[in-house]
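Notes to accompany the following structure.
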Amino acid sequence: MNNLKSIFTKNDFKLTKETSKAIEFENIHTKDVIYLLPNKEISIVLHPQIVEENKGLQHKSHGIYNSTALSLFPKRVNTGQTPITYGYSYKLKSESELDQFLTAVNLIIFHT
C-alpha cells in the first residue's frame, strides 16, 4: 500500500484521510479528491462530476461505487431509502497502470 501512496504523491496528490474503507487523496493544485480502496486489486474512485464531464473516462469505468467512505462526494439514492455517497470506480492491474491513469486524470482536471 505504501508504494501506491507514493504514486499518488508523485502525481501531486496528498493523503488527507485514511479509514479502513478508503484512503482519501486531494490534488494539491485543484483540490479534486480521489479515493483509493484497500482491495486486493488496485481500485480507485473518482468524483462523478469529473467522470460525467469526460465521457472517455465514463466508458473506462467499472461502474458506480456507493460507500459512506466517499465522504466528499455527492449523494444519491441507490437501493435504500436514504442517499449514499457515490463515485465511479476503476480497477487497475499494476502500479504502472495507476501512475499512467493518475497522470491522465491530472491532465483532465487541469483542463476542466
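Any read-out appearing in this document is the output of simple, stated calculations on the displayed coordinates, not a laboratory observation. If you're wondering where the values come from, they're calculated on a predicted model, not measured in any experiment. Cβ atoms come from the backbone with ideal geometry, glycine included; neighbour counts cover every protein chain shown.
Please work out if Asp99 is out of contact with any Phe, Trp or Tyr (no Cβ under 8 Å at 6 or more places or on another chain), buried (at least 18 other Cβ atoms within 10 Å of the Cβ) and of a type in the set (D, E, K, R).
Details: out of contact with any Phe, Trp or Tyr (no Cβ under 8 Å at 6 or more places or on another chain): yes; buried (at least 18 other Cβ atoms within 10 Å of the Cβ): no; of a type in the set (D, E, K, R): yes.
No, not satisfied.
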Let me confirm something: among Pro83, Pro38, which residue is free of Cβ contacts under 8 Å to residues at least 24 places away in the same chain, out of contact with any helix residue (DSSP H, G or I) (no Cβ under 9 Å at 6 or more places or on another chain) and over 18 Å from Asn106 (Cα atoms)? Pro83
So Glu18 fits all but one of (1) of a type in the set (Asp, Glu); (2) exposed (fewer than 13 other Cβ atoms within 10 Å of the Cβ); (3) over 19 Å from Phe110 (Cα atoms); (4) free of Cβ contacts under 8 Å to residues at least 24 places away in the same chain; what number is the exception? (2)
Residue count, the stretch 57-75 (criterion: without any contact (Cβ under 8 Å) to a residue 24 or more places away in the chain and more than 22 Å from Thr19 (Cα to Cα)): 1
